[in-house]
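All remarks here apply to the structure that follows.
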């Protein structure tokens with residue numbers, strides 16, 4: 001009888017001892033997702049802060065392009081008011097599309113493209129967009145690494161027991177990104 005209890009105790013000790021590192025790995029990976037999301041938000045905030053300066057510079061040159069400028073401003077406010085990661089992801093993706101249209105509009109204004117303030121802001125925004133792309137990639141990698149651990153066997157058993165559900169909060173391209181934008185240089189002011 002003692003051998004049976006000893007055997008059961010050893011098996012339990014091995015199961016519990018093996019579960020602790022898996023649980024800790026799940027915690028680390030989950031926290032890595034949060035950390036990477038904070039990095040994404042940092043560069044999205046940088047874009048958010050640059051947009052009013054860019055819009056105000058463009059307004060002086062492109063008053064009749066108010067629709068695009070209003071949409072940029074609306075989405076900037078919507079991103080600032082977003083509460084969840086999913087809301088922020090959706091708004092950031094919409095904002096990228098509108099910023100792309102804004103850049104096409106800007107091609108119509110050669111004087112604006114030569115303005116030093118505008119050039120500096122455009123360079124800042126381009127650098128920020130590159131940073132956003134890098135941070136999104138890192139965030140998606142963190143989500144993937146967490147999901148591999150949370151879904152793999154036997155760690156999926158521990159994940160289910162401890163409430164670590166796989167995440168679907170990946171950044172994805174908008175459907176419109178599948179098609180190249182049309183740029184028309186023949187339009188004059």
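Residue 74 versus (1) buried (at least 16 other Cβ atoms within 10 Å of the Cβ); (2) at pLDDT 85 or above: which is the lone unmet condition?
All conditions pass for residue 74, except number (1).
So in the stretch 113-128, with the set limited to residues that are under 23 Å from residue 74 (Cα atoms) and surrounded by 15 or more Cβ atoms within 10 Å (Cβ to Cβ), which one is modelled with the lowest pLDDT?
118
Just checking, does the stretch 34-56 include any residue being at pLDDT below 70, surrounded by 12 or more Cβ atoms within 10 Å (Cβ to Cβ), more than 21 Å from residue 134 (Cα to Cα) and over 13 Å from the mean Cα position of the chain (by Cα)? Working first, answer last.
Here is the first cut: in the stretch 34-56, the residues at pLDDT below 70 are none.
Looking for residues that are at pLDDT below 70, surrounded by 12 or more Cβ atoms within 10 Å (Cβ to Cβ), more than 21 Å from residue 134 (Cα to Cα) and over 13 Å from the mean Cα position of the chain (by Cα), one finds none in the stretch 34-56, hence no.
crowded, with 17+ Cβ neighbours inside 10 Å, modelled with pLDDT of 85 or more and on the phi < 0 side of the Ramachandran plot - does that describe any residue in the stretch 162-181?
Yes, the conditions are met somewhere in the stretch 162-181.
Being within 27 Å of residue 167 (Cβ to Cβ), modelled with pLDDT under 70 and surrounded by fewer than 18 Cβ atoms within 10 Å (Cβ to Cβ): is that true of residue 15 here?
Values: within 27 Å of residue 167 (Cβ to Cβ): yes; modelled with pLDDT under 70: yes; surrounded by fewer than 18 Cβ atoms within 10 Å (Cβ to Cβ): yes.
The answer is yes for residue 15.
The values are calculated or read from the model by the stated rules, or taken from the named source; none is laboratory data. Remember, predicted model here, so these are calculated numbers, not experimental data. Glycine gets a Cβ as well: all are built from the backbone with ideal geometry, and neighbour counts include every protein chain shown.
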